[in-house]
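Quick notes on the structure that follows.
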Amino acid sequence: MAGPSWEKQNLPVLKSSSALMILWDLSPSTLAQDVAPSRFERARLKLIDILKDRKDGTTGLIVYSGLAHVVTPLTDDTRTIIAMTGGLDPNIMPETGSNVELAM
């Protein structure tokens, strides 16, 4: 009776529920070479940096040009989003333009 005893206690775990939806412009103007190597490549590298630094919450990606397309809905798997950026390119967009309003 006087010995040690163990009881299970539920401890609250803090988990961030913040959500971040990233809109990425894939219009033809991002292929301009005024910034080395191109605006598109610089944006892709910055996007990867943001995703690598994001530890909590969910993240999603929408690309847009003339039309907007959901690449990934909100997810906590940023590695998958990073992997998908390699297949994205302004040349695959079905309609040219820069319709950020549609992406919003």
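Read the figures in this text as sums done on the coordinates, not as results from a lab. Note that the structure is predicted; figures quoted are calculated from it, not measured. All Cβ positions, even for glycine, are placed from backbone atoms using ideal geometry, and neighbour counts span all protein chains on display.
Below, the figures for the structure above:
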item	result
Relative contact order of the chain, pairs being alpha-carbon contacts under 8 Å that are 6 or more residues apart, as %	31 percent
Among V63, T85, L31 the positive-end extreme of the charge dipole of the chain (Cβ point charges)	T85
Net dipole in debye of the range 19-104 [+1 Lys, Arg Cβ; -1 Asp, Glu Cβ; about Cα centre; nearest 20]	220 debye
Sorted largest first, extent of the chain alpha carbons per principal axis (Å)	77, 28, 18
Peptide ranges 62-72, 80-90 listed from the most packed, as the mean C-beta count within 10 angstrom indicates	62-72, 80-90
Label-point separation, L74 to I50 (7 Å along Cα→Cβ), nm	1.6 nm
Most mobile of D49, D34, D77 in a GNM of the chain (Cα contacts under 10 Å)	D34
Fully extended contour minus Cα-Cα distance, from M21 to N99, at 0.36 nm per residue	26.4 nm
